[in-house]
Each structure stands twice: as structure tokens, then as C-alpha cells.
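Novice: Encoded as C-alpha cells, here's the structure I'll be asking about.
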Amino acid sequence: MKKITLQPDGRWHVPYEDSGSWRVGVYNPEFNSASEIDVLEKHTCSELFICTGGRMGLLLSEDGHESEMILKPNDAVMVTEYHNGFRVDREGFFIVVEQTNFSTEYIDRKTGRVLPHEG
């Protein structure tokens, strides 16, 4: 058993996973505010976002209504709607817990149009 320190390594990486069940990712959004976000995503499963290191934000959209949620370190929220993340504090990042098998739909934030999946 090896102990690690969870910290950002790029935008997204998965340090732990139980293949076929769950995975834990470290998410360091590239955005510094919700106004920079053009694309939202939604998975076929829920995701648990845990804020750490500093304040972080989530841009959420449900039925075409947007809201911003600011989380402080140790705050957590289960996300089921369209979303994308942003940093409020430079040192902040998210720990994300999700299933390993799911699909993702991306939409254009302004139009709500479904976008083709790249990658």
C-alpha cells in the first residue's frame, strides 16, 4: 500500500480507481471564472465534487437555468446536471468521485446545442 498526496497534475488525472466500479480524479479547471466557460458537460451518472486547497466554483445548468456555486475547502456537492468548474482561489482544486462506466454529453453554453464528443 502506497500513500500519496492528492494534488493537481494538469487539468485532470485519476490516481485511484476500482475498475468497473469507481474512480477518484483530481480536477484542476482551466477557467478562473464562470464567464470564461463556453461548454458544459453532463454524465449519465452523478459525480461527487469535493473542494480542497482553496475556494472553487461550479457553473451549473438545469432546464436552461444557470447558477454558480462557490465551494470552500472541505465542501462537497453531488452534481447531476450540466456543469463545468472554475477556480476562485489559485491554490484550489476538486477531488471528484464518479463511476468508471458512463457517457458524457457536451452542450454549447449559449445555445444549449449538443456538441459532438471529441476524444
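The values are calculated or read from the model by the stated rules, or taken from the named source; none is laboratory data. Everything numeric in this text was worked out from a predicted model, so none of it was measured. Counting neighbours? That spans all protein chains shown, and the Cβs are built from the backbone with ideal geometry, glycine included.
Novice: Looking at SER61, SER67, which is the one that is closer than 16 Å to SER33 by Cα, free of Cβ contacts under 8 Å to residues at least 40 places away in the same chain and among the hydroxyl-bearing types (Ser, Thr, Tyr)? Explain how you work it out, then say what you get.
Specialist: Values: SER61 fails: free of Cβ contacts under 8 Å to residues at least 40 places away in the same chain.
Just a single option satisfies the conditions, and that option is SER67.
Novice: Here's another thing I want to ask about it. Determine whether segment 35-49 contains at least one residue that is surrounded by 15 or more Cβ atoms within 10 Å (Cβ to Cβ), closer than 25 Å to ASP18 by Cβ and hydrophobic (A, V, I, L, M, F, W, C).
Specialist: Within segment 35-49, one or more residues are surrounded by 15 or more Cβ atoms within 10 Å (Cβ to Cβ), closer than 25 Å to ASP18 by Cβ and hydrophobic (A, V, I, L, M, F, W, C).
Novice: Now for a different question. Looking at segment 1-44, which of its residues are in a strand (DSSP E or B) and at positive phi?
Specialist: none
Novice: While we're looking at this one, here's another question. Over 14 Å from the mean Cα position of the chain (by Cα) and farther than 18 Å from TYR27 by Cα, is that true of ARG113?
Specialist: Values: over 14 Å from the mean Cα position of the chain (by Cα): yes; farther than 18 Å from TYR27 by Cα: yes.
Spelling it out, ARG113 is indeed over 14 Å from the mean Cα position of the chain (by Cα) and farther than 18 Å from TYR27 by Cα.
Novice: What pairs come out if I take residues in segment 6-24 that are touching a residue at least 24 places away in the same chain (Cβ under 8 Å) and pair them with residues that are acidic (Asp, Glu) and part of a strand (DSSP E or B) whose C-beta lies under 6 Å away, six or more apart or interchain?
Specialist: ARG23/GLU17
Novice: Kindly check whether there is at least one residue in segment 45-52 that is part of a strand (DSSP E or B) and more than 20 Å from GLY10 (Cβ to Cβ). Quick ask: steps written out before the conclusion?
Specialist: Taking segment 45-52 and keeping what is part of a strand (DSSP E or B), we get 47-52.
Filter once more, keeping what is more than 20 Å from GLY10 (Cβ to Cβ): 48.
Among the residues of segment 45-52, at least one is part of a strand (DSSP E or B) and more than 20 Å from GLY10 (Cβ to Cβ), which makes the answer yes.
Novice: Surrounded by fewer than 18 Cβ atoms within 10 Å (Cβ to Cβ), under 11 Å from the mean Cα position of the chain (by Cα) and modelled with pLDDT of 95 or more - does that describe any residue in segment 13-24? Even if it seems obvious, please write down each step before you answer.
Specialist: Taking segment 13-24 first, the residues surrounded by fewer than 18 Cβ atoms within 10 Å (Cβ to Cβ) are 13-24.
Next, from what is left, pick out any that are under 11 Å from the mean Cα position of the chain (by Cα): none.
There is no residue in segment 13-24 that is surrounded by fewer than 18 Cβ atoms within 10 Å (Cβ to Cβ), under 11 Å from the mean Cα position of the chain (by Cα) and modelled with pLDDT of 95 or more.
Novice: Name the single residue, out of those in segment 61-117 being assigned to a loop (DSSP other than H, G, I, E, B) and of a type in the set (Gly, Ala, Ser), that is surrounded by the fewest Cβ atoms within 10 Å (Cβ to Cβ).
Specialist: We begin by selecting, within segment 61-117, every residue assigned to a loop (DSSP other than H, G, I, E, B); these are 63-64, 72-75, 80-81, 88-92, 100-103, 109-113, 116-117.
This time we only want the ones that are of a type in the set (Gly, Ala, Ser), so: 64, 92, 103, 112.
Working: GLY64: 7, GLY92: 22, SER103: 9, GLY112: 11.
My answer is GLY64.
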